[in-house]
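One structure is given below, encoded as structure tokens.
No value in this document is a laboratory result; all are computed from the given coordinates. This structure is a prediction, so every number in the text was calculated from the model and none was measured.
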Amino acid sequence: MIDLHCHVLPGVDDGPATVQEAIQLARGASADGITTIVATPHVDASHPEVRSARVRGAVAELRSALAGARVAVAIEAGAEVAFTRAMELDDAELHALTLGGAGWLLLECPLSTTAAPGFATAARLLARRGHRILLAHPERSPIFHRAPEQLDDLVAEGMLSQLTARSLDGRFGRTVRELALDLVARGAAHVVASDGHDANRPARIAAHLRNAGLDTALSDWLTREVPAAVLGGAAPPRRPQGTRVRPRRGLARLARR
Ligand SMILES: [Fe+2]
């Protein structure tokens, strides 16, 4: 799998504090079947010093640390950019912050209602400036809890959406799980990533996909095929036909919606 959203760089944001913790996070990812991690530190008001040059430097250092520790995971540079910060950065810097430098910008959907006004407008402005937009964890954002159709509009305009794996089996609560599964069922989700941070939020995807009952073809599309296209700067391949979402245990009710 290719993990397009992971805070794996040590000492850059709220991810691992040390190189050893970053190695542990990457080792866990490897055990989960992840072969490539895109390092996506926060680029927001709380981390104004995080710029593309710093990300590239930290990626180079982590690659060498992982080679020394014999952890076979490739690391690419990226970022998780808040829309408020994105509006302050020029196009060259924004492009340098895209996933693998290939043109898809991971834009953080606000997790609080106070940060929400202006998000959709900003996302559209960035798209008009030529950036391809991958929306980070819309299922966790109050904007789309209130008005999920707003996400359909953005997707219809060409944006993609990335779910966090832990959302799929309820680790962020029922509201988030229901929206995540609904987005998968109606084709408004394109990528599943870990949003891993540390030992408490590991870079783990596979178990969450299994718990949510996603079939193999759909899981592959969400975690391999679309992420590979994103890293190649390309449009996503067609979603496989006839795929099912069949949540386990208490999630079965949701599958019938
Ligand atoms: Fe994140």
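Data table
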{"quantity": "Contour excess over end-to-end distance, with Cα ends at THR113 and GLU149 and 0.36 nm allotted per residue", "calculated": "11.3 nm"}
{"quantity": "Theoretical gain in end-to-end length, ARG171 to SER64 [0.36 nm per residue, Cα-Cα removed]", "calculated": "35.2 nm"}
{"quantity": "Three-way shape call for the chain based on the alpha-carbon gyration tensor, with the a/c threshold at 1.5", "calculated": "oblate"}
{"quantity": "Residue-span extension gain [ALA74 to ALA185] - 0.36 nm each, minus C-alpha spacing", "calculated": "36.9 nm"}
{"quantity": "Rounded to whole Hz, the Karplus (6.51, -1.76, 1.60) HN-Hα couplings of the range 24-37, x for glycine and proline", "calculated": "4, 4, 5, 5, x, 4, 4, 5, 7, x, 8, 9, 9, 10"}
{"quantity": "For the chain: relative contact order, % (alpha-carbon pairs under 8 angstrom, 6 or more apart)", "calculated": "19 percent"}
{"quantity": "Rounded to whole Hz, the Karplus (6.51, -1.76, 1.60) HN-Hα couplings of the range 84-95, x for glycine and proline", "calculated": "5, 6, 4, 5, 8, 9, 7, 5, 5, 5, 4, 4"}
{"quantity": "Helix-only mean residue ellipticity at 222 nm for the chain, each DSSP H run of n ≥ 4 adding -39500 (n - 2.57), per residue, nearest 500", "calculated": "-10000 deg cm²/dmol"}
